[in-house]
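Structure first, then comments.
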Amino acid sequence: MIEAKEVRKQFGPVQALAGVSFSARDGAITALLGPNGAGKTTLLRTLVGMLKRDHGTIAIDGVDPEQDPMTVRANIGFLTDQFGLYERLSTREYLTYFGELNGMGKALLRDRIDQVAAMLGMDDILERRSKGFSQGQRIKVALARALLHRPRHLLLDEPTRGLDVMSTRAVRNALVALRAEGCCVVLATHVMQEVSHLCDDVIVIAKGHTVAQGSPLQLCERTGIANLEDAFVSLVGTDEGIVA
Amino acid sequence: MKPKFVVVFLKEIRETLRDKRSLGLLVMFTLMYPVMLGYILNRQIERATRPEREGISLAVIGAAQAPTLMAQLKQKNITVHEMPDLGEDAITELLHSPKTAALLRLPKNFSESYAAMRPARIELWYDSATEQDNRRHDIEDVLQAYGSNIASARLLAHGVSPAILQPIQVQHYDTGTNAARSAGLIGSILGFLFFPAFICGLSAAVDSTAGERERRSLEVLMAQPARTWELVVGKWLAAGSLAIVGITLELVLAHAILSWLPLEEIGMSWRVNWRDLALVCLASVPLSLLAAGLQIAVAMNARSFKEAQSVLSFVMLVPMVPGIAVSMLDLKTADWMYIVPMLSNQTLLRETAKGGDLGPLPYVLTFGCSLLGALIAVGFASWRMKSERYVLAV
């Protein structure tokens, strides 16, 4: 369970977050929608305690990431827009490295790596070094790293970008399975189809503000627009400014 | 469960060891210097111990015209090879080989001019491009002596004392000793022996900071449940241990070579035993750690591998400055020198090589001051990585 209230963050003259409030439930996939530059990356970094907020409160299972970043991070699987692979390490070595950083023991790691590899269909690249991996293979490795330590929360930044149909389905199925296990999944994405099929909740942020939160259906009802994409555009506002 | 800095350390070491090409370069760099040094010193020793005028070989054209000169040359242990008259090309060809030091050509009218007491021309042919300068001087000395002998004899025949032609007499006294001449040499040799501390950890330090930033994997790493100091210390120790291995190898190899060479022949001394060497190596461990710490602290602020490398290649000149300054200002060894990292190691090794009992203080100071510097650098790097500015720039 992730709860944020009135989170603000300013970098010099730039107000990156101007008041973001939302809650993401356990056992649900929450979509984070927002145009480029809306403050999604800043929000995700603030949630894992890499950045300190200027104002507001954040609680991740009741823990403030600013007070206790280690506990929070141990409980979060974080997939940023960077994969962060090491070309000279094999996938297994890469996963072992991050598993150990998360305090996992050898035996547990071995089992978990096999499980995650099976879940994402990446047995074939487990012993290969990541140099020359395709975009899809890279994302799978990064996603496996985020899932490895069985975090209760997942913060995923566009996890299906650049994936072929089969891999996209594998990732989506994995997310559904994680939801069933009771994980709290936050998914930043630009793929509306993914949002309407997969997500239970949608948070729309624009220019550092939360402009709406609710199920995809609720958002459509609120804007009076049947198509989610059009509803989103109407929520983030046109050139004249922000609606709502 | 392993401490997290150990996890980071092991991963960085594994990654570095897999980069075979840069590792090979490091090994080559480390081994090349002592070997090159050994070769140069060996040649110097050979030159110094070569018997004087051993087989100076002189070609002479028209030798029969000056039998006395030939006899005097032979007295000075110069072997005379009589030659038929040669053209200029043939002479050039002959002098090109190192066997023949020079060639004397007595023109056909030599005896005639000699008998008429006109200056009799003797041609001395030599090749200044070959290293025969000393031998040529020896030959010229004989010619000079031969000329003055004849002059003296002629003057005497006219009833004039030859001493009139010597209004002054120059006597040479050289107070320079071999030891003093080689003091500067050994100082600069020892200075470079510590360079691997700054070279061997460099690529690991840059790759694990600026490189990781360039490849965009640092953000992921910083979002893990590990404190920034654990990440920095792991990377620091990885770069530092490579430097430690490099410098220890270099010192051991240099020691093996320097103790094997008969350095006394050129007035140098290397009175270091294996126990001294072990102590110097141990006292130099923090120097490697300091170098790695500085490299990490600097490289983490660079946006790319390239930028870090160019900044660091400048930064790495800084530790050489005190050593060069001291040798330029010709300062005597003083205790304060053991406080300055790098200079302290150079001074320590130089004093050990002289073979005196130094007592524990220089070792402790050398060890402690570098270690202190290393810890400050690592502390700064950890503080920097934690700062929000840094997170934003990653």
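The values are calculated or read from the model by the stated rules, or taken from the named source; none is laboratory data. As the structure is a computational prediction, the values presented were derived from the model and not from experiment. Here Cβ is always computed from backbone atoms with ideal geometry, including for glycine, and neighbour counts include all displayed protein chains.
Is it the case, given these coordinates, that B:LEU372 is in contact with a Ser or Thr (Cβ under 6 Å, 6 or more places away or on another chain) and either in a helix (DSSP H, G or I) or under 28 Å from B:LEU218 (Cβ atoms) (or both)? Break it down stepwise before answering.
On the way: in contact with a Ser or Thr (Cβ under 6 Å, 6 or more places away or on another chain): no; either in a helix (DSSP H, G or I) or under 28 Å from B:LEU218 (Cβ atoms) (or both): yes.
No.
Could we say that B:GLY267 is in the same structural domain as B:LEU10 (by TED's automatic domain parsing) and buried (at least 24 other Cβ atoms within 10 Å of the Cβ) here?
no
Could you identify the single residue in B:LEU104, B:LEU69 that is under 26 Å from B:ALA151 (Cβ atoms) and in contact with a Gly (Cβ under 9 Å, 6 or more places away or on another chain)?
B:LEU104
For segment A:125-138, check the following and say yes or no: at least one residue is within 10 Å of chain B (Cβ to nearest Cβ) and aliphatic (A, V, I, L, M).
no
Would you mind finding the one in B:LEU37, B:LEU86, B:LEU26 that is closer than 25 Å to B:ALA292 by Cα, among the hydrophobic types (A, V, I, L, M, F, W, C) and either under 26 Å from the mean Cα position of the chain (by Cα) or surrounded by fewer than 18 Cβ atoms within 10 Å (Cβ to Cβ) (or both)? Let's see the steps before the verdict.
Working: B:LEU37 fails: closer than 25 Å to B:ALA292 by Cα; B:LEU86 fails: closer than 25 Å to B:ALA292 by Cα.
Of the residues listed, the single one that is closer than 25 Å to B:ALA292 by Cα, among the hydrophobic types (A, V, I, L, M, F, W, C) and either under 26 Å from the mean Cα position of the chain (by Cα) or surrounded by fewer than 18 Cβ atoms within 10 Å (Cβ to Cβ) (or both) is B:LEU26.
Do we find a residue being charged (D, E, K, R), buried (at least 24 other Cβ atoms within 10 Å of the Cβ) and closer than 30 Å to B:ARG14 by Cβ anywhere in segment B:283-303?
Among the residues of segment B:283-303, not one is charged (D, E, K, R), buried (at least 24 other Cβ atoms within 10 Å of the Cβ) and closer than 30 Å to B:ARG14 by Cβ, which makes the answer no.
Condition first: touching a residue at least 40 places away in the same chain (Cβ under 8 Å) and closer than 30 Å to B:ILE247 by Cα. Now tell me which residues in segment B:27-57 satisfy that.
Hits for segment B:27-57 are B:PHE29, B:THR30, B:LEU31, B:TYR33, B:PRO34, B:VAL35, B:LEU37, B:GLY38, B:LEU41, B:ASN42, B:GLN44, B:ILE45.
Working carefully through the options B:GLY323, B:GLY359, B:GLY293, B:GLY355, find the one that is more than 26 Å from the chain's Cα centre (by Cα), farther than 27 Å from B:SER22 by Cα and in the same structural domain as B:GLY201 (by TED's automatic domain parsing).
Answer to the selection: B:GLY359.
Answer yes or no: is there a residue in segment B:67-77 that is of a type in the set (Lys, Arg) and within 14 Å of chain A (Cβ to nearest Cβ). Quick ask: steps written out before the conclusion?
The first filter runs over segment B:67-77 and keeps only residues of a type in the set (Lys, Arg), leaving B:74, B:76.
Now narrow it down to the ones that are within 14 Å of chain A (Cβ to nearest Cβ): none.
No, that holds for no residue.
Restricting the search to segment B:40-57, which residues are exposed (fewer than 14 other Cβ atoms within 10 Å of the Cβ) and either among the small types (Gly, Ala, Ser) or part of a helix (DSSP H, G or I) (or both)?
Hits for segment B:40-57 are B:ILE40, B:ARG43, B:GLU46, B:ARG47, B:ALA48, B:THR49, B:GLY55.
Grab the helices (runs of 4 or more DSSP H) fully contained in segment B:58-144, keeping just those with 2 or more residues being touching a strand residue (DSSP E or B) at 6+ places or on another chain (Cβ under 9 Å) and either in contact (Cβ under 8 Å) with a residue 12 or more places away in the chain or of a type in the set (S, T, N, Q) (or both). Reasoning before the result, please.
On the way: elements: B:67-75, B:88-96, B:110-115.
Answer list for segment B:58-144: B:67-75, B:88-96.
Take segment B:225-254 and flag every residue that is within 14 Å of chain A (Cβ to nearest Cβ) and either in contact with a Cys (Cβ under 8 Å, 6 or more places away or on another chain) or farther than 15 Å from B:LYS11 by Cα (or both).
B:PRO225, B:ARG227, B:THR228, B:TRP229
Has segment B:34-57 got at least one residue that is closer than 30 Å to B:VAL206 by Cβ and hydroxyl-bearing (Ser, Thr, Tyr)?
Checked against the condition, which is being closer than 30 Å to B:VAL206 by Cβ and hydroxyl-bearing (Ser, Thr, Tyr), segment B:34-57 yields no hits at all.
I'd like the full set of residues that are in a loop (DSSP other than H, G, I, E, B) and either closer than 14 Å to B:ALA226 by Cα or facing chain B (nearest Cβ under 9 Å) (or both), limited to segment A:67-88. Full working, then the answer.
So the first thing to find is which residues in segment A:67-88 are in a loop (DSSP other than H, G, I, E, B), and the list is A:67-68, A:75, A:80-88.
Once the filter is applied, which keeps residues that are in a loop (DSSP other than H, G, I, E, B) and either closer than 14 Å to B:ALA226 by Cα or facing chain B (nearest Cβ under 9 Å) (or both), segment A:67-88 yields A:ASP68, A:ASN75, A:THR80, A:ASP81, A:GLN82, A:PHE83, A:GLY84, A:LEU85, A:TYR86, A:GLU87, A:ARG88.
Residues that are surrounded by 24 or more Cβ atoms within 10 Å (Cβ to Cβ), in contact with a helix residue (DSSP H, G or I) (Cβ under 6 Å, 6 or more places away or on another chain), closer than 26 Å to B:CYS369 by Cβ and of a type in the set (Asp, Glu): does segment B:246-254 have at least one?
yes
For segment B:169-194: of the residues being among the aliphatic types (A, V, I, L, M) and either surrounded by 13 or more Cβ atoms within 10 Å (Cβ to Cβ) or at pLDDT 75 or above (or both), which is nearest to B:ILE247 (Cα to Cα)? Break it down into steps so the answer makes sense when it comes.
Initially, segment B:169-194 is screened for residues among the aliphatic types (A, V, I, L, M), giving B:170, B:179-180, B:183, B:185-186, B:189-190, B:193.
Then keep just the ones that are either surrounded by 13 or more Cβ atoms within 10 Å (Cβ to Cβ) or at pLDDT 75 or above (or both); that gives B:170, B:179, B:183, B:185-186, B:189-190, B:193.
Numbers: B:VAL170: 51, B:ALA179: 27, B:ALA183: 23, B:LEU185: 20, B:ILE186: 18, B:ILE189: 14, B:LEU190: 12, B:LEU193: 8 Å.
Step by step, filter segment B:169-194, then rank; the result is B:LEU193.
Condition first: under 26 Å from A:VAL186 (Cβ atoms) and facing chain B (nearest Cβ under 9 Å). Now tell me which residues in segment A:97-124 satisfy that.
A:TYR97, A:PHE98, A:GLU100, A:LEU101, A:ASN102, A:GLY103, A:MET104 - these are the residues of segment A:97-124 that are under 26 Å from A:VAL186 (Cβ atoms) and facing chain B (nearest Cβ under 9 Å).
I need every pair where a residue in segment B:11-26 that is within 11 Å of chain A (Cβ to nearest Cβ) has its Cβ under 9 Å from the Cβ of a residue that is among the charged types (D, E, K, R) and buried (at least 21 other Cβ atoms within 10 Å of the Cβ), sequence separation at least 6 or different chains.
B:LYS11/A:GLU100; B:GLU12/B:ASP207; B:GLU12/B:LYS235; B:GLU15/B:ASP207; B:THR16/B:ASP207; B:ASP19/B:ASP207
With the requirement that a residue be touching a residue at least 40 places away in the same chain (Cβ under 8 Å), closer than 16 Å to B:ALA283 by Cα and out of contact with any Ser or Thr (no Cβ under 7 Å at 6 or more places or on another chain), what does segment B:229-250 give you?
B:SER241, B:VAL245, listed by residue number.
Residue by residue through segment B:329-385, note down the ones that are at pLDDT 90 or above and among the basic types (Lys, Arg).
If the condition is that a residue be at pLDDT 90 or above and among the basic types (Lys, Arg), then B:ARG384 is the only one that fits.
Which ones in segment B:119-165 are surrounded by 14 or more Cβ atoms within 10 Å (Cβ to Cβ) and either touching a Pro at 6+ places or on another chain (Cβ under 9 Å) or among the aromatic types (Phe, Trp, Tyr) (or both)?
B:ALA120, B:ILE122, B:TRP125, B:TYR126, B:THR130, B:GLN132, B:TYR146, B:SER152, B:LEU155
Would you please list the contacts, defined by Cβ atoms under 7 Å and residues six or more apart or on different chains, that run from a residue in segment A:39-62 that is more than 10 Å from chain B (Cβ to nearest Cβ) and under 20 Å from A:ALA74 (Cβ atoms) to a residue that is charged (D, E, K, R) and not in a helix (DSSP H, G or I)?
Every condition considered, the pairs that remain are A:THR46/A:LYS9; A:THR46/A:ARG53; A:ILE58/A:ASP64; A:ALA59/A:GLU3; A:ASP61/A:ARG152.
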